[in-house]
Every structure is written in structure tokens, then in C-alpha cells.
Ligand SMILES: NC(=O)c1ccc[n+]([C@@H]2O[C@H](COP(=O)([O-])OP(=O)(O)OC[C@H]3O[C@@H](n4cnc5c(N)ncnc54)[C@H](OP(=O)(O)O)[C@@H]3O)[C@@H](O)[C@H]2O)c1
């Protein structure tokens, strides 16, 4: 049995991670952190021989992951329930496929199977943290469907995403039927209570993945921020991650992609965070974040309603 190691380590910043960050055009890492012992197997943009299937290709993470994966030379299959919203629409190694995790057949259709194909699931719930969601099965049922689709197609390697925020919901013991705690305000963490359904569902999903028999890695990012990459990411392996930390979207995407060609963390649960606290970044304001999430959710709901209406008209 794998020993549960309580270790925190700095990720080695390989040239691949560095170039991926550079490619976003947002930050130049110092050449001094390049590790001369790490030999890149291919030059930027050359075919890597890997096919990554990104489920949740309209996620904010995907906006960085897709270009980074293409830069790394991977063939990319972008699976989205709103394919027309995938940020990059055209590249010789990019295929965009319509897929919903509640529809196993749509996921199966995106997979070709084989050892060189890695399924990277970054989908997650679209939420307004001021609204209570006591229960949901998006993550547990959706990931069950992904696992079944992979088994049907002969895929082995699955990366999934949950969240470090799950730890706090577990610590507070919030369940579907937990009465609303007295005196908890939005600022003091009412959103943990409101979103107890999604977080408990993520925990359930982690259990399903661990029992799947697949070669998995569970990634638990800290609060994700739409800021330039900082390259200051830290990992925890099979243990808790410090609270109130942030990780930039491009850094998180790079950390996940770094594992495409590695066996280092297979079977592990990886916390991805940084030493940057939520108190140290300017744009963590609860009300602003809620406004943005509501706007995103409104766009998603309008798109899905229009798509459903178009499908009905076509019948
Ligand atoms: N944002 C954070 O601070 C944070 C922190 C910790 C962990 N996480 C987790 O990290 C992952 C990536 O986060 P993110 O912020 O990049 O995600 P995001 O921007 O919130 O996007 C969520 C993605 O999931 C997709 N999705 C939702 N329901 C789906 C369904 N039934 N079938 C297929 N796709 C579906 C959405 O598609 P549509 O665009 O069509 O809605 C979207 O692509 C998620 O698992 C999230 O829960 C996020």
C-alpha cells in the first residue's frame, strides 16, 4: 500500500513549464531556474506523440491549458458542452468535440483509447456562492461516466480536479441536512456552507476515482486566480494543503500538463497552491467575485437554453 507521505515540496521548474509560461506572454521566468539535467524530448510545437482529452474545455483553466498543451506538442481533444465557446477554435492539432459528462456516449465518442491518450478532467460546477446547493451529483456521476467511457475505450490514465476548499467543508462537518450555522457571514465563510453539496460531491468523486483501477492523479487546486503565471507553485502530496492560498490559472494548467509524461504522482492526491495568500492579491474581493460568477453563469444558462431550443426546432 502506498505510504501517505506528508511532504510539501517545490515543483522542479522544468523547461517545459517555463516555456509554457512564456508562451502566455505574461511572465518571463529567470533562465537560472532551468534545470540542465532535464532534457526535453521534443522542441516546442513538435508532435509529442501524446493525445490529451480535456474535459471542460471552456473552463477558465482550459484557456491556458489548451495553448500550453499545443505548445508542448500534444494532440488536443477539447470536450465542451458549448464547443463554440472554446477559446481557441483552430489549430492543426486541435479537435473540438461536443460533450456533456452526464452523457457517457458523448465522452466515449471523444476518446480513441490507447496508452498515449490522457484524459484531463477540469470540469466543475458553475455556482453562485450566495445560493445554497445542499446536494448535487455533477462530479460523482459525471466522473463515473468518464471512467466508464474510458474503460469502454481502453484508456488508462485519468487526471481529475477537485478543490482544497473541500477540506474546510469536511472540517466543519457540513452535510446536506446541516442546519444553517448562526452568525456566519459571507465574509466568514458562509459560502462553504452554501456550496457543501458540490464539495461533498467532489469528495465522493475522489473515492470513486481511487476505486476505479485506472492510473489516476487527483489535483486539488487552491483558489484559482486569473493572473499572469508566477511559477511559485507548491505541491502537497496525499495530505492537507494550507488554507487561503491562491494559484494562478496558467501555473495550475502547467502543473497538470507536466504530469502527462510522468509517472511521479500516479495514484496520488496533489494539492496545488503557492505561498501567495488570498490577502496578498488585489482582486480577491468577495462581492466582485460573486458578480463575475453570476455573469458567467447567466451566459452559460442562456447558451444552454438557446442550444436546447435549437435542438427542439431541428427535430
Ligand atoms: N475557480 C476556482 O477558484 C477553483 C478552485 C479550486 C478548484 N476548482 C476546480 O478546478 C476545476 C477548474 O476550475 P475553473 O475555474 O477553470 O472552472 P470553470 O471556469 O468554473 O469552468 C467549469 C467548467 O466545467 C464545465 N461543465 C460544467 N458542467 C458540465 C457538464 N455537465 N458537462 C461538461 N462540462 C461541464 C463548464 O462548461 P460550461 O462552460 O459549458 O459551463 C466549464 O467548462 C473545476 O473542477 C473547479 O471546480 C476551481
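Any read-out appearing in this document is the output of simple, stated calculations on the displayed coordinates, not a laboratory observation. These numbers come from a predicted model, not from an experiment. When we count neighbours, we look across all protein chains shown, and the Cβ atoms used for this are built from the backbone with ideal geometry, even at glycine.
Observations
- Point-to-point label distance, residue 168-residue 148, nm (Cα→Cβ direction, 7 Å offset): 3.5
- Cα coordinate range in the chain, projected on the principal axes (Å, largest first): 56, 53, 42
- Using every pair of distinct Cα positions in segment 247-311, the Kirkwood expression returns a hydrodynamic radius of 15.5 angstrom.
- Note on residue 278 and residue 313: with the Förster distance fixed at 51 Å, the Cβ-Cβ geometry gives a FRET efficiency of about 0.65.
- Calculated P(r) of segment 204-315 - Cα pairs past 23 Å, %: 48
- Mean-position separation - Cα centroids, segment 126-166 and segment 238-315, in angstrom: 13
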